[in-house]
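Below is one structure, written out as structure tokens, with a few remarks after it.
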Amino acid sequence: MKHVFVREWRGGWKAMAIWAASVGAFMVSVMAMYPMFEEEMGQMVGLFNNMGVFSAMFGLDKINIASPMGFFGLEGGIVLSIAGGLYAAMTGIAIVAKEEGRRTAEFLFGQPLKRESVLLGKLLALAALVLALNLIVTLFALLAFSLAGSGLVAADFARLMASQLLMHLQVAILCFGLSCFLKGESVGLGIGVMLLLYVMSLFINIIKALQPLGFLTPFYYADYANVAGGPMRWAEIAAGYALALAAAAAGVLYYRRKDL
């Protein structure tokens, strides 16, 4: 298992670092421009709060985008949700299936290792990569606030970054489970799953009657509008992880008997 973990980490850490630095650099550039738009944003708050469906879709009626924290929560939160979700989905969907697609499965599973140990090593490496990405982005985010003259609301910031990490891990675990059923890398499927979950969260924000279905998508509980000024949505998080872990368990059980 350790060998598999190290192999996956060494093969993935450079791409992860580039991805994290790109997301972080975007956050820094956006927040560096905040002081130039601060006065205009204050004048536009009322407009954003009364844009009907658009306001509900992105939670503009729940947050103050004229404040540095609200501005970051909207701009940075959306970028981190989509970019981090894409990374988690694409990495998770390929981490197991690539062995068959690249015809390395026979060599890997020809080693004196149980399939369960190999899969556990891959899952741990996937989790470590997602965790490292979020830690790097968090450091960039703190730098971004310093460039904007602070305005950091520690509690809201902590809830936002924690919920983003949990969301990325949930997407990664779900796609890991799907990867066990595939015979080759299918990045498109991973992107499709992530986009479906994201669009689902937008519809839940718009149609209040769908809010009980928030547990179906991690993007709902990771939305800054749903964590700002209040507790994290632990019920949705627990239900979402139950579904993701069930998918991973089903994938592992299938892979144990899969003909490679």
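Check whether at least one residue in region 169-178 is among the aromatic types (Phe, Trp, Tyr), closer than 19 Å to Tyr87 by Cβ and either in contact with a Phe, Trp or Tyr (Cβ under 7 Å, 6 or more places away or on another chain) or at pLDDT 95 or above (or both), and report yes or no. First the steps, then the outcome.
Residues of region 169-178 that are among the aromatic types (Phe, Trp, Tyr), as a first pass: 176.
Those left that are additionally closer than 19 Å to Tyr87 by Cβ: 176.
Checking the rest, the ones that are also either in contact with a Phe, Trp or Tyr (Cβ under 7 Å, 6 or more places away or on another chain) or at pLDDT 95 or above (or both) come to 176.
For region 169-178, residues among the aromatic types (Phe, Trp, Tyr), closer than 19 Å to Tyr87 by Cβ and either in contact with a Phe, Trp or Tyr (Cβ under 7 Å, 6 or more places away or on another chain) or at pLDDT 95 or above (or both): present.
Can you tell me which residue within region 144-162, out of those that are out of contact with any helix residue (DSSP H, G or I) (no Cβ under 6 Å at 6 or more places or on another chain) and of a type in the set (A, V, I, L, M, F, W, C), is farthest from Ala25 (Cα to Cα)?
Filtering region 144-162 for residues out of contact with any helix residue (DSSP H, G or I) (no Cβ under 6 Å at 6 or more places or on another chain) gives 145-146, 149-150, 154-155, 157-159, 162.
If we keep only those that are of a type in the set (A, V, I, L, M, F, W, C) too, we end up with 145, 154-155, 157-158, 162.
Working: Phe145: 12, Ala154: 21, Ala155: 23, Phe157: 18, Ala158: 20, Ala162: 20 Å.
For region 144-162, the residue satisfying everything is Ala155.
Would you mind finding the one in Ser81, Ser29 that is loosely packed, with under 14 Cβ neighbours inside 10 Å, modelled with pLDDT of 75 or more, assigned to a helix (DSSP H, G or I) and not acidic (Asp, Glu)?
On the way: Ser81 fails: loosely packed, with under 14 Cβ neighbours inside 10 Å.
Going through Ser81, Ser29 in turn, just one is loosely packed, with under 14 Cβ neighbours inside 10 Å, modelled with pLDDT of 75 or more, assigned to a helix (DSSP H, G or I) and not acidic (Asp, Glu): Ser29.
Would you say Glu75 is touching a Leu at 6+ places or on another chain (Cβ under 6 Å), charged (D, E, K, R) and at pLDDT 70 or above? Before you say what the answer is, go through the steps one by one.
Working: touching a Leu at 6+ places or on another chain (Cβ under 6 Å): no; charged (D, E, K, R): yes; at pLDDT 70 or above: yes.
So Glu75 does not fit the description; no.
Give Gly184, Gly240 a once-over and let me know the one that is touching a residue at least 12 places away in the same chain (Cβ under 8 Å), of a type in the set (Gly, Ala, Ser) and surrounded by fewer than 21 Cβ atoms within 10 Å (Cβ to Cβ). Lay out the reasoning, then the answer.
Details: Gly240 fails: surrounded by fewer than 21 Cβ atoms within 10 Å (Cβ to Cβ).
Answer to the selection: Gly184.
The values are calculated or read from the model by the stated rules, or taken from the named source; none is laboratory data. For clarity, every value in this text was computed on a predicted model and none was experimentally measured. Here Cβ is always computed from backbone atoms with ideal geometry, including for glycine, and neighbour counts include all displayed protein chains.
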